[in-house]
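Reading through the structure tokens given below for one structure.
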Amino acid sequence: MSNFYAILRTVHKNVHDLPMKQFSEPKIYTGGVDIDKWDELTKEQQTKALSKRWYVYFSFRNPETKKLVRQTNIHADVNHLKTKKERYYNLNLIRERLKALLILGFNPYVNNQELYDNLHTSSKVDNTANIVKHKEQSNTVIQNVIPSNNITIQSAFDTALEQKSAV
């Protein structure tokens, strides 16, 4: 019987000493409807879902409180798009790129200038950002997260700022 308690204590210790994840998986909010069942919805339900705001959301661990805190929703002007296909495509790109940035070490609570500089220089030199190993969750490989076209991060920021200032 004492062996059982020793094993139980070991299991208990291992379960509670797991490292805390720094962020939650970015998710897409699609107006409160299941996007997989879009074709089953009536035209009225589809219109109602498209009238709501769609966005990408995630949580990040606050360094002071050690709790996951929901971050600001990312809309990126997708709500001006008229079809589900366009909105979902653009939000999915945002979600994938956000996940890649989080894996690479983006932290909304600190200055990310070093990460920005590394990404800015590495995008010109090589294409190592196409395959990123996730350190915290099951070491899965994400391929082609960042496309190999010649758009720099600076030009992406400039374009986003230009679009945002117009709104």
- [ ] Considering (1) open to solvent by less than 90 Å² (accessible area, probe 1.4 Å); (2) of a type outside the set (S, T, N, Q); (3) more than 26 Å from N111 (Cβ to Cβ), say which one E40 fails and leave the rest.
- [x] (1)
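Here's the yes/no breakdown for (1) under 14 Å from T30 (Cα atoms); (2) out of contact with any Leu (no Cβ under 9 Å at 6 or more places or on another chain); (3) open to solvent by less than 80 Å² (accessible area, probe 1.4 Å); (4) free of Cβ contacts under 8 Å to residues at least 60 places away in the same chain:
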position	(1), (2), (3), (4)
S59	no, no, yes, yes
N62	no, no, yes, yes
N73	yes, yes, yes, yes
N90	yes, no, yes, yes
L98	no, yes, yes, no
I103	no, yes, yes, yes
N111	no, yes, no, yes
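The values are calculated or read from the model by the stated rules, or taken from the named source; none is laboratory data. Quantities reported herein were computed from a predicted structural model and do not represent experimental measurements. Note that we place each Cβ from the backbone using ideal geometry, even for glycine, and neighbour counts take in every protein chain shown. Ligands, DNA and RNA are excluded from the accessible area calculation, which covers all protein heavy atoms including side chains. Shrake-Rupley method; radii C 1.70, N 1.55, O 1.52, S 1.80 Å.
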